[in-house]
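Worksheet: the structure to be examined is printed underneath.
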Amino acid sequence: SKDVVDTILEHPDVKGVSFVGSTRVGKYVYKRAGENGKRVQCQTGAKNFIVVMPDAVLYRTVPALLTSFFGCAGERCLSGAVLLAVGDVYEKLKEKFVDAASKVKVGYGLDETAQMGPVVSKRHMERVLGYIEKGLQEGARLILDGRNIKVEGYPNGYFIGPTVFDEVRPDMVIANEEIFGPVASMIRVKDFDEAVDTIHANPYGNAACIFTSSGKWAREFRYRVQCGNIGINVGIAAPMAFFPFGGYRDSFFGDTHGQGRDAIHFFTERKIVITRWF
């Protein structure tokens with residue numbers, strides 16, 4: 001609660017604050033901790049874009065997209081959220097993606113045959129369902145509806161199936177705000193440059209991935225896209241533990257990131273000793 005957080009941010013015995021959560025709260029933590037002379041790292045919101053180029057190998061791409069958008073029921077900070085299909089690949093990708101997503105088995109999380117479990121709580125399920133309703137109100141077309149899914153033996157489970165929106169515009173709420181659930185928004189872009197511009201129009205800068213067979217587009221993507229985690233032909237741009245977890249713009253506030261040496265440096269108060277003996 002806020003009073004507990006404020007105590008942490010103000011107490012003289014607290015030297016630093018590491019935070020993971022929403023951008024709104026992260027900005028507050030960053031500001032207040034800094035005002036009180038504390039070091040701070042705030043890993044905040046995300047809206048991760050995945051670009052599929054016309055030269056992508058779709059039979060390898062689609063399984064990776066399923067894991068990205070629907071793994072962990074979409075409840076991880078590196079989950080895919082917006083699928084940018086470039087040029088002529090749009091219709092073919094849409095057909096294959098929706099067909100594969102419709103076959104994902106949703107069930108009890110400890111059932112080894114289930115491919116996707118429930119979302120974390122009733123409150124969060126209602127939040128995700130609210131975003132789906134918002135997408136419909138904004139005029140997006142729901143081409144795979146994960147609402148009202150039933151899992152045998154668990155009538156009260158918080159289940160939402162894979163959900164895919166078509167005809168999404170970049171200015172829509174579902175294309176801008178973090179849903180944190182198994183909801184994919186598909187946007188058609190005419191070329192690589194428009195894909196990059198669409199990514200940069202969003203305030204977040206956590207992760208972005210591209211699927212392509214072209215070394216040129218992979219190179220352009222890694223250098224031009226302003227996100228802290230970049231994936232090339234992978235759906236989840238998760239670094240190994242010895243690399244820092246990146247984040248730009250509204251996805252991170254601070255100087256050293258989490259994980260890897262950055263985390264060690266953040267939690268270490270280094271001392272310099274200069275000595276001479278006679």
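The values are calculated or read from the model by the stated rules, or taken from the named source; none is laboratory data. This structure is a prediction, so every number in the text was calculated from the model and none was measured. When we count neighbours, we look across all protein chains shown, and the Cβ atoms used for this are built from the backbone with ideal geometry, even at glycine. Keep in mind that these areas ignore ligands, DNA and RNA; they rest on the heavy atoms of the full protein, side chains included. Shrake-Rupley method; radii C 1.70, N 1.55, O 1.52, S 1.80 Å.
Here is how the numbers come out for the structure above:
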{"item": "Radius of gyration, Dmax [region 35-151; alpha carbons; angstrom]", "result": "16.8, 54"}
{"item": "Per residue, the convex hull volume that the Cα atoms of the chain enclose (Å³)", "result": "175"}
{"item": "Karplus-derived 3J(HN,Hα), 6.51/-1.76/1.60, for each residue of region 61-69, Hz, glycine and proline x", "result": "6, 4, x, 5, 5, 4, 5, 5, 7"}
{"item": "For region 146-154, 3J(HN,Hα) per residue [Karplus equation, 6.51 cos²θ - 1.76 cosθ + 1.60, θ = phi - 60°, Hz, x = Gly/Pro]", "result": "x, 6, 6, 6, 10, 10, 4, x, 9"}
{"item": "Mean Cα-pair separation over length for region 135-251, i.e. relative contact order, pairs under 8 Å, 6 or more apart, %", "result": "19"}
{"item": "Above-threshold pairs, the threshold being 21 Å between Cα atoms, out of LYS47/LYS150; LYS31/LYS271; LYS190/LYS216; LYS27/LYS47", "result": "LYS47/LYS150; LYS31/LYS271"}
{"item": "4 °C / 1.567 mPa s Stokes-Einstein diffusion coefficient of region 12-91, Kirkwood radius on C-alpha pairs, µm²/s", "result": "85"}
{"item": "Residues of type aspartates and glutamates that LYS94 reaches as a straight line, Cα spacing below 18 Å, ignoring anything fewer than 8 places off in the same chain", "result": "ASP55, ASP145, ASP166, GLU167, ASP191"}
{"item": "Top positive-direction residue, dipole computed over the chain with Cβ charges, set HIS124, SER79, GLY34", "result": "GLY34"}
{"item": "Karplus 3J(HN,Hα) series, Hz, for region 156-164 with 6.51 cos²θ - 1.76 cosθ + 1.60 (x for Gly, Pro)", "result": "9, x, 8, 9, 10, x, x, 10, 10"}
{"item": "Residues of type aspartates and glutamates that LYS15 reaches as a straight line, Cα spacing below 17 Å, ignoring anything fewer than 8 places off in the same chain", "result": "ASP6, GLU35, ASP255, ASP262, GLU269"}
{"item": "Local electrostatic count at PHE192 - Lys and Arg +1, Asp and Glu -1, tallied over other residues with Cβ under 12 Å", "result": "-2"}
{"item": "Descending principal axes extents, region 127-278, alpha-carbon based, whole Å", "result": "80, 45, 27"}
{"item": "Rounded to the nearest 20 debye, dipole of region 5-89 from Cβ charges on Lys, Arg, Asp, Glu", "result": "240"}
{"item": "For ILE210, residues with placed amide H under 5 Å, excluding near neighbours", "result": "VAL51, GLY231, ILE232, ASN233, VAL234"}
{"item": "Portion, in percent, of the accessible area of the chain that falls on carbon or sulfur, probe 1.4 Å", "result": "53"}
{"item": "Amide H contacts under 5 Å for GLY87, placed H, 5+ residues apart", "result": "VAL189, LYS190, ASP191"}
{"item": "Simple Cβ-charge dipole of region 50-200, Lys/Arg +1 and Asp/Glu -1, about Cα centre, in debye nearest 20", "result": "480"}
{"item": "Gaussian network model of the chain, springs between alpha carbon atoms under 10 Å - residue of GLY146, GLY215, GLY34 with greatest fluctuation", "result": "GLY215"}
{"item": "Net charge of neighbours whose Cβ lies under 15 Å from the Cβ of VAL173, counting Lys and Arg as +1 and Asp and Glu as -1", "result": "-2"}
